[in-house]
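Here is the structure we will look at, set down as structure tokens.
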Amino acid sequence: MPTLSEHVDLRDDLIRLVTSRLLDPLEILLPQADLDGLRLSVRADADMWAAQLLGPRDAVARQVAVRLIAVLHPGDEPFDPPEEWWATPLGRVCARRVGHPSKEGVSFGVAGAMLGITRQGVHDLVNRHKLQRHPDGGVAVDSIQARLGLRRDR
């Protein structure tokens, strides 16, 4: 069960991201446009997105996460976030609900960032068979998600 502070942190992060990546550039390009209605909509929608991302329905959470990543991080290449992204509210919920958006296996450093632990901590978990190695090297993303799910259930 998500906490109220987790919901608020995620909502505020989503508002910040949508505003800085979408609304602020629109304001620069279209200085005469009235974006006040859009800003209000973003606040309401961010609250809904946070509830969906943290809610009980896995399929809905994954769909919302994928849509947000696609819109907030567009590009011709698959989204491969830097390690520090995983510490953001959106990064933390994506790690748990989606895993890595474009990889089935990640480096020990990325696995650590997704789990919020050190690279050495990941090595320890792999050696203790608490995380699975990916056949191509690194750590299997589905084992990271499973580990995050165990933490959440406590």
Quiz item: How are the Cα pair distances of region 56-108 distributed, in percent, across 5 Å bins from 0?
Solution: 4, 19, 32, 28, 13, 4, 0
Quiz item: Based on the Cα atoms of region 17-99, what semi-axes does the equivalent ellipsoid have, where each is the square root of 5 times one gyration tensor eigenvalue, given in whole Å with the largest first?
Solution: 25, 17, 10
Practice problem: Give me the number: length gained by fully extending His73 to Asp58, i.e. 0.36 nm times residue separation minus the C-alpha to C-alpha distance, one decimal in nm. | Solution: 3.2 nm
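Return the tail of the calculated pair distribution for region 27-75, meaning the percent of Cα-Cα pairs more than 12 Å apart. Kindly include the intermediate steps, with their values, before the conclusion.
On the way: 820 of 1176 pairs.
It works out to 70 percent of all Cα pairs.
Which net charge results for the neighbourhood of Gln63, defined as the other residues with beta-carbon distances under 13 angstrom from its beta-carbon, given Lys and Arg at +1 and Asp and Glu at -1?
Values: positive: Arg57, Arg62, Arg67, Arg97; negative: Asp58.
Summing Lys and Arg as +1 and Asp and Glu as -1 gives +3.
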Quiz item: If the viscosity is 1.567 mPa s and the temperature 4 °C, what translational diffusion coefficient in µm²/s does Stokes-Einstein give for region 82-154 when Rh comes from Kirkwood over Cα pairs?
Solution: 110
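Only helical DSSP H runs with n ≥ 4 go in: add -39500 (n - 2.57) per run for the chain, normalise by residue count and round the 222 nm mean residue ellipticity to 500 deg cm²/dmol. Don't skip to the end; give the middle numbers.
Values: 8 runs with 94 residues, N = 154.
Theoretical 222 nm ellipticity from helices: -19000 deg cm²/dmol.
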Practice problem: Using label points projected 7 Å from each Cα along Cα→Cβ, tell me how many nm separate Ser102 and Arg43, to one decimal. | Solution: 3.5
Quiz item: Using a simple charge model, +1 on the beta-carbon of Lys and Arg, -1 on the beta-carbon of Asp and Glu, nothing else, what dipole does the chain show about its Cα centre, in debye to the nearest 20?
Solution: 800
Quiz item: So what are the three principal axis dimensions of the chain from its Cα atoms, in whole Å, longest to shortest?
Solution: 59, 34, 25
Self-check item: Net charge of Cβ neighbours under 13 Å - reference Gln132; Lys, Arg +1; Asp, Glu -1
Solution: +1
Exercise. Set Lys and Arg Cβ to +1 and Asp and Glu Cβ to -1, take the dipole of the chain about its Cα centre, and tell me which of Ile15, Asn127, Leu68 lies farthest positive.
Key: Asn127
Quiz item: When the C-alpha atoms of region 11-54 are aligned to their principal axes, what extent does each axis show, in angstrom, from largest down?
Solution: 36, 17, 11
Exercise. Give the distance, in whole Å, between the Cα centre of region 1-31 and the Cα centre of region 53-113.
Key: 16
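Read-outs throughout are calculated quantities, based only on the coordinates presented, and are distinct from any laboratory measurement. Predicted model, so just to flag it, every value in this text is computed and none were measured. Every residue, glycine among them, receives a Cβ derived from its backbone with ideal geometry; neighbour counts consider all protein chains shown.
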